[in-house]
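The values are calculated or read from the model by the stated rules, or taken from the named source; none is laboratory data. Quick caveat: nothing in here was measured; it's all calculated off a predicted structure. Here Cβ is always computed from backbone atoms with ideal geometry, including for glycine, and neighbour counts include all displayed protein chains. Note: areas computed on protein heavy atoms with side chains; ligands, DNA, RNA excluded. Shrake-Rupley method; radii C 1.70, N 1.55, O 1.52, S 1.80 Å.
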Amino acid sequence: MRYIYTFLVLLIGSSLVAQNYVMIWQRCYGGSEDDYVRSIIPYNEGYLFVGYSESYDGDISDITNTGAAWLVNIDPFGKIIYDRTYTEIEYTSGRKLLKHDSGLYIIGNGGPTSHGYTGGYWFAKVDTNFDIIWQDVLGGSYAEDPRGGCIAHDGGVIESGITASPDGDIEEYYGSFDNWLVKKNPDGSTGWTKTYGNIGIEEGGNIIPTSDGGYLYVCSGENYLPGNTYCEDYEGGLVEA
């Protein structure tokens, strides 16, 4: 199946009560192969979006035949200012953009990890020219699938999602798919990893910082024991934590 990026820009109408949003422009981005978009943020006077591209033509400037994370900077009217793919690590795919005073983070997945496995959590910190300051992949011998992330209190970054790996960088494994959090410090070193789950299937979720210096993580999964997530009176069902 062929995928393209499509952006719709909406404008508030004259009636603030009715909020009549109308489309003022739309535009498609990509090439002749599969292209996906995962995240978009305001950036300077325009926008940045990130995803994944397997295309070797069209709007892709940095050609890749294997597929890679694709970052695109557009102006307020959708015209491409700059784009690039990140191929230094194989099979990267951008899932979320996070902006901080210390730099711009791209989180997603990719491989291989330092253990020789593939498909882990990919972290990249880039400068104002979108060049890599540091990047890393953490994971194990099975699948890792990012679902969210946030800027950490110290200016680092946290990636959240699920893992099926019992080894590698995973500090504890309960079974099937577990919720897995990884904190990266601003300099690229690993701050901590946390696993939440049980012998059932976890679905992952998103994380936000809280005003008391901690974090709130929302996730869902099957309600079984043993593990470190369990809800009384919800035996065997899909629960939210």
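Numerical summary
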| quantity | calculated |
| --- | --- |
| Relative packing of peptides 202-210, 152-160 - highest average C-beta neighbours within 10 Å first | 152-160, 202-210 |
| Heavy-atom surface of the chain, accessible at 1.4 Å and reported per residue (Å²) | 49 |
| Cα-only Debye scattering, the chain: base-10 log of I(q)/I(0) at q = 0.08, 0.09, 0.18 Å⁻¹ | -0.35, -0.43, -1.29 |
| Surface share of carbon and sulfur [accessible, 1.4 angstrom probe, percent] for the chain | 52 |
| Gain in span if fully extended, D145 to I24, counting 0.36 nm per residue against the direct Cα distance | 40.0 nm |
| Accessible-area order (highest first, 1.4 angstrom probe) of the listed residues W192, W122, W134 | W192, W134, W122 |
| Label-to-label distance, nm, for residues given as D101 and W134 (7 Å Cα→Cβ offset) | 2.0 |
| Length gained when the stretch D34-S61 is fully extended (0.36 nm per residue, less Cα-Cα span) | 8.2 nm |
| Region 121-241: relative contact order as a whole-number percent, Cα under 8 Å and 6+ apart | 18 |
| Spin-label model distance (nm) - D154 vs Y43, 7 Å beyond Cα toward Cβ | 2.7 |
| The chain: relative contact order as a whole-number percent, Cα under 8 Å and 6+ apart | 9 |
| Radius 10 Å from Cβ of S165, net charge of other residues (Lys, Arg +1; Asp, Glu -1) | -4 |
